[in-house]
Amino acid sequence: MDNPESLFSRVFKGRYYRNATPLDPIKSYSPSYGWQSIVSARPLVNKGLIKRVGSGSSISVWDDPWIPASRPRSAKGNGIHFYPHLACGIL
């Protein structure tokens, strides 16, 4: 995660999480011992994971879970979003 251009990261991304991140719940067939170890550590990493906001372009105000719950839930309601472009950092 810290060095996505490393050989290790590129090989694992190509094999296990092409269109995702290593922390996404991904099912893989015939996973290596290394990948199984990463998958088993995900809950611990997620528990202590901190997301840096930075410019806010990767933050989705409407879809990201903001309040911890037994299962993730989005910030969607039945009303109208007054600022629908908050997901892409544009007001």
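The simple spin-label model puts a point 7 Å past each Cα toward its Cβ; for Asn46 and Ser58 those points are separated by 1.7 nm. Once backbone amide H atoms are built at 1.01 Å from N, Val61 has Ala87 as its partners under 5 Å, excluding neighbours fewer than 5 places away on the same chain.
All of the numbers you see were taken from the coordinates with simple rules; none came from a lab. A quick note: this is a predicted structure, and the numbers were derived from the prediction, not measured. Using ideal geometry, Cβ is built from the backbone for each residue, glycine included, and neighbour counts are taken over all protein chains shown.
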